[in-house]
Amino acid sequence: MRGIGDIIVSSRPYEEYRDMFGLTDAELLAGPVLDCPGGAGGFAAGLRARGGEVVSADPAYAEDPAALVARSRAGLEHGLRYLAENRDSYVWTWFDSAEDLAERRLGALDAFARDRRDLADPRYVPAALPDLPFADGAFRLALSGYLLFAYPDHLDPEAHEAALRELLRVAGEVRVYPLIDTAYVRYPGIDDLRSALERDGVASEVRRVDYAFQAGADEVLVLSRP
Ligand SMILES: C[S@@+](CC[C@H](N)C(=O)[O-])C[C@H]1O[C@@H](n2cnc3c(N)ncnc32)[C@H](O)[C@@H]1O
C-alpha cells in the first residue's frame, strides 16, 4: 500500500473545492452540480448557502450520520498525523499552517454535520461509482475529488474508465482532481483514459489550477460530453 493507505471520508470546505477544481462561484451557480464522492465536507452546504443546487453521492451515506461524522473525524486526525510526518511534501500557500488546515477541515466537517438532516436526506445519496441512481444529463457539472487517480490500489484502470463514463452519463461536464495519488505519483493511465473517451467524442483537457496542497497536485482533468 502506497501513501496514506485506506480511503478516508474527508471533509473539505467549499472554497477549497472551488479552487482545486479551478472553478469560480459563478460557474458553480450556473446549474445543478453533482459532488461524487461527497465525503463529509462542507462543499454542498456552502454552495446551497450561496444559492446553488447540489446533490452529494457517496457510499458512506448509507451509514448513520453521527457514526459517519465520527469516522470522518478519526480519519482527519489520522491525516493530520500523516501530514506532521510528511510536512515537506505539502505546499503551504492555500493553507498557511497545519493549524489553519485543521481548523478549516474541522469547520467543513461541522458544516456537513449540520447540513445533513438524517439518513434519508435526499441531498446526500448513498451510491457508489460506477452506478449512480441519476437520470442521463441530470447535472450540468459533476465534481469528483480525491477518489479517482488518488487511490490506484483500490481502483483498476477499468474501474476508472467505468466511473468516468458514468459521471459523463449524468453530467455534461466532469472535473476530476487531483491527478496524483497519495504517494504523489501522477496516475499513469490518464492519457489512455483520455484517448478512450475522446474516441467517443468526449473532449478532455488537463488544466493547471492555482490551488495546490499536495506537492505536484496542481492539475484538474476537465471532460465534456459531446
Ligand atoms: C478521500 S474522500 C474524498 C471526499 C471529497 N470528494 C473530498 O475531496 O474531500 C473519498 C470518498 O470516496 C468514497 N468512495 C469510496 N468508493 C467509492 C465509489 N466506488 N464511488 C463513490 N465514492 C466512493 C468514500 O466513501 C470517501 O468518502
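Close amide H partners of Ala203, meaning residues 5 or more places away or on another chain with modelled amide H under 5 Å apart, are Ser224.
Across the options Ala67, Gly42, Leu29, the greatest Cα extent toward the positive end of the charge dipole of the range 24-74 (unit charges at beta carbon of Lys, Arg, Asp, Glu) belongs to Ala67. Rounded to whole numbers, the Karplus 3J(HN,Hα) couplings from phi for the range 173-183 are 10, 10, 10, 10, 9, x, 9, 10, 8, 6, 9 Hz, using 6.51 cos²θ - 1.76 cosθ + 1.60 with θ = phi - 60°, and x at Gly and Pro.
Run the numbers on the range 14-224 and let me know its relative contact order in percent, using alpha-carbon pairs under 8 Å that are six or more apart. Once normalised by length, the contact order is 26 percent.
Note on the range 134-216: with charges restricted to the Cβ of Lys and Arg (+1) and Asp and Glu (-1), its dipole about the Cα centre is near 320 debye. Val54's amide H: which non-local residues (gap 5+, or another chain) put their own amide H closer than 5 Å, with H modeled 1.01 Å from N in plane and none for Pro or chain starts? Amide H neighbours of Val54: Val33. For the range 180-226 versus the range 46-87, the inter-centroid distance based on Cα atoms is 23 Å. Here the Karplus relation 6.51 cos²θ - 1.76 cosθ + 1.60, evaluated at θ = phi - 60°, turns the backbone of the range 83-97 into coupling constants of 5, 4, 7, 10, 3, 6, 7, 10, 9, 9, 10, 5, 9, 8, 6 Hz, with x for every Gly and Pro. Sites listed here are chymotrypsin sites (Phe, Trp or Tyr not before Pro) in the range 88-178 whose DSSP assignment is loop and whose Cβ has at most 15 other Cβ atoms within 10 Å: Trp92. For the chain, with equal point scatterers placed on the C-alpha atoms only and solvent neglected, what are the log10 I(q)/I(0) values from the Debye formula at q = 0.10, 0.13, 0.17 1/Å, to two decimals? Log10 I(q)/I(0), no solvent term: -0.41, -0.72, -1.32.
Phi angles across the range 42-54 convert, under the Karplus curve 6.51 cos²θ - 1.76 cosθ + 1.60 with θ = phi - 60°, into 3J(HN,Hα) values of x, 4, 5, 4, x, 5, 4, 4, 8, x, x, 10, 8 Hz, Gly and Pro given as x. Structure remark: mean-square fluctuation, Gaussian network model of the chain, C-alpha springs under 10 Å; the largest value among Arg114, Arg123, Arg73 belongs to Arg114. Build a GNM of the chain with springs between Cα atoms under 10 Å apart, and of Glu16, Glu161, Glu27 the one that fluctuates most is Glu27. A simple spin-label model places the labels of Glu15 and Ser224 2.9 nm from each other, with each point 7 Å out along Cα-to-Cβ. Given the range 14-224, what percent of its DSSP beta bridges are antiparallel, to the nearest 5? Looking only at bridges with both residues in the range 14-224, the antiparallel portion is about 50 percent. In this rough spin-label picture, where each label sits 7 Å from Cα along the Cβ direction, the Ala162-Glu205 distance is 3.1 nm.
Ordered by the count of other Cβ atoms within 10 Å of each Cβ, fewest first, Tyr177, Tyr14 give Tyr14, Tyr177. Between Gly172, Ala196, Pro126, the Cα set farthest toward the positive side of the dipole of the range 119-211 (charges on each charged residue's Cβ, about the Cα centre) is that of Gly172.
Placing dummy labels 7 Å off each Cα toward the beta-carbon, the span from Ala49 to Asp96 is 2.0 nm.
Assuming charge only on the beta carbon of Lys and Arg (+1) and of Asp and Glu (-1), the dipole of the chain about its Cα centre is about 340 debye to the nearest 20.
Coordinate-derived values only; no laboratory data. Since the structure is predicted, the reported quantities are computational estimates derived from the model, not experimental observations. Positions of Cβ are generated from backbone atoms using ideal geometry, with glycine treated the same way; all protein chains shown enter the neighbour counts.
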